[in-house]
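Q: The structure's right below; bear with me while I get my questions together.
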Amino acid sequence: MDLVLTLERLVVRLTRATAVLGLVLLLVLAGMTVVDGMMRWLANQPIDGVRDVGALIIANAVAASLPVVLAERANITVEFAQALFGRFGARLCNVVAGIVVLVVMAAMAWQFQLFTNGLARAGQTTWVLQWKVAPFWQATTVLIALCVPVQAVVVLRDIARLTGADRGDERA
């Protein structure tokens, strides 16, 4: 059990780094938007491509936050299970829900990869700057795919709680 707990703590620390990346991307987008707005207002000269870059940045910023949400169990949870089913029932519900989330994240990673492959084959570019969009979407796909092993660690920890092998952190 100590291995699973250690692995979970490592995953939480590593996913916080992806969340910082997402925050930096959002700050870059905010800065670009402010400068673009100021240029429109002061000089009637918007910065070409801000919308192009913004659409690519926002996808990566959102995807960068998903691993830490899963690792820290900050996603939506239903707390009534323990009152209805007791501690074991609530923990069993957590395991089942965790497995469902794991399957959904794996399916999302697969679908994002198919989408990205299609963009690459089509040579899709941004409208104004004519940048190829596939590399940006590949980064998004990698961040989504990172959620799969992160959620697998979450499920392992929930299974350890269910079986009683976990004595630390007494969340349901």
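Derivation of every value follows stated rules applied to the coordinates shown; laboratory data play no part. Every value quoted in this text rests on a predicted model; they were computed, and no experiment measured them. Glycine gets a Cβ as well: all are built from the backbone with ideal geometry, and neighbour counts include every protein chain shown.
Q: State the extension gain, in nm to one decimal, for the chain segment bounded by W110 and A30, taking 0.36 nm per residue of separation less the distance between their alpha-carbons. Walk me through the numbers on the way to the answer.
A: Details: separation 80, 0.36 × 80 = 28.80 nm, distance 3.02 nm.
Result for the pair: 25.8 nm of gain on full extension.
Q: Can you give the Rg to Rh ratio for the chain, taking only C-alpha atoms and Rh from Kirkwood? Before the final figure, lay out the partial values.
A: Details: Rg = 20.4 Å, Rh = 18.3 Å.
Ratio of gyration radius to Kirkwood radius for the chain: 1.11.
Q: Next up: How far is it, in nm, from the label point at A122 to the one at M39 when both lie 7 Å from their Cα along the line to the Cβ?
A: Once both label points are built, they end up 2.7 nm from each other.
Q: As an exercise, identify the chymotrypsin sites (Phe, Trp or Tyr not before Pro) in the range 49-106 lying in DSSP coil whose Cβ has no more than 14 other Cβ atoms within 10 Å.
A: Numbers: sites: F80, F85, F88; in loops: F80.
Hits after loop and neighbour filter: F80.
Q: Just grab the label-to-label distance for L3 and R87, each label 7 Å out from Cα along the Cβ direction, in nm (one decimal).
A: Each label point lies 7 Å from its Cα, and together they span 2.6 nm.
Q: Could you give the nm distance between label points at L14 and K132, where each point is 7 Å from its Cα heading toward the beta carbon?
A: 2.8
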